[in-house]
Amino acid sequence: RTCTHEDLVLKEPPLCWPREPKPRCPPATSEHAPSGSKVIFTSTACRGHKCVADSPECTCNVKCAPGHKEVRGAKTSSSRCILYRVVNDVESGRVVDDCSALEKQQCLRSVETDGTPCCYRNLGFGNSGKMCLKRGDDRITFDVAPDSCAPTMEARWGPFPNCQPLCKPPIAPYVKLSAGCHECFVDPDFGKCDCSVSCALGSTAPQAWEKEKGDDAWQLECNPETGMFDDGPGCSPIGGAIERFCEKPDPQNGALDVSDTCADCSIALGNDKTCACAVHCHDAYKHVGGGKQGERTCRKGAVVVCPLNVKWSKSEKKCFVEGTSRHVDPFCCPAYVFGERMPRLHQDDCLQHKDRQSCFGIHDAKDSRPECCWNDKGFGHKGPQCVEKRDPRIGLKYTEQESPAEECSDRPPVFSAEWSDKDPTCKLRCKDDVSGNPALRVTRGDCKDCAIDDPDCVCEVDCSGEAVFFGGYRQAARQCEDDGRGLLPQLKPAPPVCSLEQETLLFCKVPTEPSLAPTHCDGCRALRKGSASADACKCSVYCKDGFLPEKPNTDGRKACLQKERFMSTELQCSSINDKFLCLQSKDRDSSTACCYHADGFSPGVKCAAKESKEVTKVPQECASLFEAVFEDLPVCKPRCINMLQMEGVDVIGCE
């Protein structure tokens, strides 16, 4: 740039603009996964709001949700937040041929086909009449700068695993499943299903089924509409062996790790698989109550009280109370237990038998309905233990409990199946927001081991020794709470806002009055009045030659001191939005300095009182309550010129 004699004007400087920062990553959601895929996010980076695109720490770890499987077979996966250029997304409608025809909203989200962003100026670009132009257009000048320009980059998550739903394995008594039954996708396009079932050892399929399907193992297909397998064989035990399976523990949406073998545990013979059921909290969860973690056994529970008169429906495969539509435990129906192989009974008197073994398999000679029934405690008040099935004492309330028929000749005893321990209560661990932050320290408890509804959670946090406190809650008792968005829970209240960055030091300005002669006054740091410091400045201020101090002894060494600034105290900091006014103000209520953050401490609050609860992040800048000034400087007046200095004249006191 040159200055010419003709117009004495420098050529217009270039219009420079801050470089576009890399965008922050959005929170990861299931919407980023392929259609039909369902995943669980297991790392804090998935929140995204603190991650910048392409940064190595912005890696979101995910796993398939319960009942889903990755199409390629991986159990866990991760996704990087990557930088994506808007110009590559032609289908979004954000890539245009000409910016100049766009309205504000479309302008500030569009780029031209060469990747150059559109820029907007509310007052228009000069005399062009255009409010939207591409960056670099000649009509954008130093004096006619845009208000803002469209971003050319955005942050997007890389591909997430394709976790598709699995077909629910068939659950039926006496049925053995092949390993493939737990790996079948509902949609056959994702892989061939190989699920075969057979009757467990000690049981058999109905004869009609065997005639139609054969007598070995049978293939089942998944119904894509219901997400379940077609009905398998109705296997029943041979010889009356009642096998009840314990229900596989619910994984509770990923909170529990349940071994696959938990589906093979029963309380009787007839199963040739070994039961080795183990239940633990998932790694991201903490055991906060309920049952113990570890192995468990399936054991015999209470006797199921069955109605005396029941009827088995082959079509519905349910056991109904005879004459009603109410269905009961299928084991209450002899037809379900024995099928066509009903036990043979011999004739005898029910009342003569005193033990369960002999009572079972008897029909009463005096009754047209021959079955005998048994109760360990006897029927009625001190009554017999073995009676004919129609005996009126069955079910009479002589004590607090009824006297039900625990078993009859045509029906063995039916027991419930229950686990030896209840499920552990596992809660998602809270995000550790203290470790790795040198500005914070734990003053009580362990903030890394807290979970939702955790009675043992103790976490109190304060600023570390060298950190500056800006706001929030100091040493408050914190609890782990769910944020309701499906992400990792957070400790509440938030930790105090602390920073290792020291408060801005104040330095005195070197006196510039023409009458003063300062020496060693550069770089003097302000001190509180009366304080001493090793780096105290060596500033001296005298009057220049030709000047004299108005008051004697006011020149010489000068200290740099802190002086309280005059600041506005008419407003609460939180009511101020203007940065300049914020940094010139003290809070009306607390008299503490106002602090500013352009992105806001909370929605609509850019200015907040220092050390208040409204400060939720480290401020970009805080108002200074003091200014640095040298102590009273001499007032120097011009020295009178001595016109009387001549030969023969005595001059006294005129200097």
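Numbers below:
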quantity: Strands (runs of 3 or more DSSP E) lying entirely in the stretch 317-381 (those with 1 or more residues that are surrounded by 13 or more Cβ atoms within 10 Å (Cβ to Cβ) and at pLDDT 65 or above); calculated: 318-321, 346-348, 372-374
quantity: Filtered residue count, the stretch 523-556, keeping only those that are open to solvent by 100 Å² or more (accessible area, probe 1.4 Å), at pLDDT below 90 and in contact with a strand residue (DSSP E or B) (Cβ under 9 Å, 6 or more places away or on another chain); calculated: 5
quantity: Subset of the stretch 106-137 [under 19 Å from P18 (Cα atoms) and among the acidic types (D, E)]; calculated: D137
quantity: Those residues of the stretch 85-96 which are surrounded by 11 or more Cβ atoms within 10 Å (Cβ to Cβ), assigned to a helix (DSSP H, G or I) and not polar (S, T, N, Q), in sequence order; calculated: V86, V87
quantity: Residues that are small (G, A, S) and buried (at least 18 other Cβ atoms within 10 Å of the Cβ), drawn from the stretch 418-453; calculated: A439, A451
quantity: The one condition in (1) in contact with a Pro (Cβ under 9 Å, 6 or more places away or on another chain); (2) open to solvent by 30 Å² or more (accessible area, probe 1.4 Å); (3) without any contact (Cβ under 8 Å) to a residue 40 or more places away in the chain; (4) among the hydrophobic types (A, V, I, L, M, F, W, C) that C99 fails to fulfil; calculated: (2)
quantity: Residue in the stretch 475-490 that is among the basic types (K, R) and at pLDDT below 85 present; calculated: yes
quantity: Within the stretch 206-231, considering residues that are farther than 11 Å from P169 by Cα and modelled with pLDDT of 70 or more, the one surrounded by the most Cβ atoms within 10 Å (Cβ to Cβ); calculated: W218
quantity: Qualifying positions in the stretch 285-310 - surrounded by 13 or more Cβ atoms within 10 Å (Cβ to Cβ) and of a type in the set (A, V, I, L, M, F, W, C); calculated: V288, C298, V303, V304, V305, C306, L308, V310
quantity: Single match in S77, S30 (criterion: free of Cβ contacts under 8 Å to residues at least 60 places away in the same chain, open to solvent by less than 70 Å² (accessible area, probe 1.4 Å) and out of contact with any helix residue (DSSP H, G or I) (no Cβ under 9 Å at 6 or more places or on another chain)); calculated: S30
quantity: Condition broken by Q106, with the remaining ones in (1) more than 22 Å from Q164 (Cβ to Cβ); (2) of a type outside the set (G, A, S); (3) not in a helix (DSSP H, G or I) satisfied; calculated: (3)
quantity: Residue list for the stretch 454-483, filter: acidic (D, E) and surrounded by 14 or more Cβ atoms within 10 Å (Cβ to Cβ); calculated: D454, E460, D462, E481, D482
quantity: Hey, N127 open to solvent by 40 Å² or more (accessible area, probe 1.4 Å), of a type outside the set (A, V, I, L, M, F, W, C) and part of a helix (DSSP H, G or I) or not; calculated: yes
quantity: From E564, E621, E570, residue being over 30 Å from C539 (Cβ atoms) and among the charged types (D, E, K, R); calculated: E570
quantity: V62 over 22 Å from D114 (Cβ atoms), surrounded by fewer than 17 Cβ atoms within 10 Å (Cβ to Cβ) and aliphatic (A, V, I, L, M); calculated: no
quantity: Test: residue in the stretch 68-80 that is among the β-branched types (V, I, T) and out of contact with any strand residue (DSSP E or B) (no Cβ under 7 Å at 6 or more places or on another chain); calculated: no
quantity: Segments classed as strands (runs of 3 or more DSSP E), wholly inside the stretch 559-648, with at least 3 members that are open to solvent by less than 80 Å² (accessible area, probe 1.4 Å); calculated: 560-564, 594-596, 607-609, 626-630
quantity: Residue within the stretch 150-160 that is within 30 Å of K248 (Cα to Cα) and either out of contact with any strand residue (DSSP E or B) (no Cβ under 8 Å at 6 or more places or on another chain) or surrounded by 14 or more Cβ atoms within 10 Å (Cβ to Cβ) (or both) present; calculated: yes
quantity: Selection status of V175, among the aliphatic types (A, V, I, L, M), at pLDDT below 90, in contact with a strand residue (DSSP E or B) (Cβ under 6 Å, 6 or more places away or on another chain) and open to solvent by less than 60 Å² (accessible area, probe 1.4 Å); calculated: yes
quantity: Qualifying residues in the stretch 33-52 (those that are at pLDDT 80 or above and touching a Phe, Trp or Tyr at 6+ places or on another chain (Cβ under 8 Å)) - the one surrounded by the most Cβ atoms within 10 Å (Cβ to Cβ); calculated: V39
quantity: Pick from the stretch 130-149, criterion assigned to a loop (DSSP other than H, G, I, E, B) and small (G, A, S), ranking: surrounded by the fewest Cβ atoms within 10 Å (Cβ to Cβ); calculated: G136
quantity: Condition broken by S313, with the remaining ones in (1) over 17 Å from A405 (Cα atoms); (2) modelled with pLDDT under 80; (3) exposed (fewer than 15 other Cβ atoms within 10 Å of the Cβ) satisfied; calculated: (2)
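The values are calculated or read from the model by the stated rules, or taken from the named source; none is laboratory data. Just so it is clear, the structure is predicted and the values come from calculations on it, not from any experiment. Every residue, glycine among them, receives a Cβ derived from its backbone with ideal geometry; neighbour counts consider all protein chains shown. Accessible surface is based on the protein model in full, side chains and every heavy atom, while ligands, DNA and RNA are left aside. Shrake-Rupley method; radii C 1.70, N 1.55, O 1.52, S 1.80 Å.
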